[in-house]
Each structure stands twice: as structure tokens, then as C-alpha cells.
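Have a look at the structure below before the remarks.
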Amino acid sequence: MSFTKTTEQVSLYDNLQDMSPLEILKNINKEDQKVALAVQEAVDQICIVVEQITDKLKNGGRLFYIGAGTSGRLGVLDASECPPTFGVDHNVVIGLIAGGDIALRVAVENAEDNPEQGFIDLQKHHITSKDFVLGIAASGTTPYVINALQTCKDHQIATAGLSCNANSTLSKVAQYPIEVIVGPEFVTASSRMKAGTAQKMVLNMISTAVMIGLGKVQGNKMVDMKMTNTKLVQRGIDMLVDQLDISPEKAKELLDKYNNVRQVLTNYKP
């Protein structure tokens, strides 16, 4: 099958420098509206990955996101939000980026081109066949990610690949490929735009669906969230007031005692 990098194709718009700010914003928004529809086309692929990850985590495994540049940053972002949102340990969902944590803020030249470093970074976490690795690369050709997934395959470690090009190397290497084809970017080849938005949406879907599958949501509430600031404490109070029909003062008293919404709901006796 042929491989064309639609993420590198020329923008549908030209002479951007001659557009007014309003024209620029309207055209970017027009392109962004295509992203959700592209994600919709990949829902069946995403569902398979969610089922596989959920099974791994139920049996004591971990989820690793691995990527470079924007893709790596998005993986680290999603991983970092799982503990406070769903109350899981920080070692359950782990985000790795080419170049290490410094690459979250500063581009590390050529880090994504090192084909050996991806699996080396995974080995630092003592990865095993109990775990699941999701490689993220808009182009589907990033050596850091590709070789990491290929080496995982050699070690019987399950993998998925999230890319924005059809029939990429990443899709061929990954056990469970996810392809979200968003088309050319508004600024030619700037895959931090539509491709990045698509990746963020898919990662949100995966981590949320997996955590619901693990029982980390009750009804539609984040009952295992870590209440690490005033906003989240108030959210916990509001949940308990709504669920238990008690006063805010009583809810605060119970949260102070149990420090967890689920524990209050489980142990409260009116």
C-alpha cells in the first residue's frame, strides 16, 4: 500500500500573511472542525486499544505513552493528569518524550531521530509483557517511536500506534494502529495544529474510557480524584451534598475525615 504524508501536504490556504487576523482565525477554526469528524472515523480502532489497555491495567500492568516533540508532550500531559483526576498512582500511566523531561519546554535537537533511545527509556521503568505501550507520532515515521514499538514486539509487549497518516510505518509496526487522518495543516506541515488536536482528543478518550473501565468513575463523578487544591475540595463537597443530601458543612467534615469522595460514599451512615 502506498504511503503519503498528508500531514506534510501543502495547506489549502495561501498568502496567509495577507489575511486579516479575523480571516486567519476563521480559517483555522474551519480546519479544526474537521478534526472531530476524523476522530469519529477512528473510534472502532480506538475502542480496541481501550479494551486492550484496560485488560492490562486490571492485571497489574501499566500504560506507557511514548513520543517526540508535540506528540511526546501530549502523552506526558495526559499521563500527568491521570493521578489527580482518577486517583491512580503516578506509575500506572507514564509519559515518555524523546530527549527527556527537558524536551517538554525546550526542543532537543535530533532526539526523535535516535532509534535506540525509545526502548532504552522504556527499560528505565523495567517494562515487561504485563504493560502496554502506545506510540504517538503524527507523521507515523518517528524513529524514536518506531524502533521502540518494534523492540516491544520482540519482547512480547503489546503496542498501539497513534498517527495522522494512513499506512505509515508506525501503523505497520504497532499491534493496534489508530489512524486519524486530519489532512493538510493550515500552516503547511505544522502538525502541532490539527494533528496535535486530534492526538489530544484521542488520548483524552483512551485514558477516560480506561479509567471508567477500572471503576474510577461512579455515576459521572470523579470519586477517586485527589483533592489537592481548594477548587477540588469544593468539587468534592458539591458531590457529597448532591449524592448524600447533606449540608456543605457536613460534607467538609466527612472529607476531612476520609480525604476521598468514594470513601465517604462507602462509609457514610446517616
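Details
- Number of residues in region 204-251 that are within 30 Å of Ala36 (Cα to Cα), surrounded by fewer than 18 Cβ atoms within 10 Å (Cβ to Cβ), touching a helix residue (DSSP H, G or I) at 6+ places or on another chain (Cβ under 6 Å) and β-branched (Val, Ile, Thr): the value is 0.
- Look at region 106-123: where a residue is closer than 18 Å to Arg73 by Cα and a partner is charged (D, E, K, R) and in a loop (DSSP other than H, G, I, E, B), sitting 6+ places away or on another chain with Cβ atoms under 9 Å, you get Leu122/Asp131.
- Looking across region 7-59, the residues that are of a type in the set (Ser, Thr, Tyr) and over 22 Å from the mean Cα position of the chain (by Cα) come down to Ser11, Tyr13, Ser20.
- Flag if Gln45 is loosely packed, with under 12 Cβ neighbours inside 10 Å and among the polar types (S, T, N, Q): no
- Checking Gly215 against (1) assigned to a loop (DSSP other than H, G, I, E, B); (2) among the small types (Gly, Ala, Ser); (3) under 26 Å from Pro270 (Cβ atoms); (4) touching a Leu at 6+ places or on another chain (Cβ under 9 Å), the condition it does not meet: (4)
- Conditions (1) in a helix (DSSP H, G or I); (2) over 24 Å from Thr208 (Cβ atoms); (3) open to solvent by 70 Å² or more (accessible area, probe 1.4 Å); number of the one not met by Pro270: (1)
The values are calculated or read from the model by the stated rules, or taken from the named source; none is laboratory data. Everything numeric in this text was worked out from a predicted model, so none of it was measured. Glycine also receives a Cβ, built like all others from the backbone with ideal geometry; neighbour counts cover every protein chain displayed. Heads up: the accessible areas ignore ligands, DNA and RNA and are worked out on the full protein's heavy atoms, side chains in. Shrake-Rupley method; radii C 1.70, N 1.55, O 1.52, S 1.80 Å.
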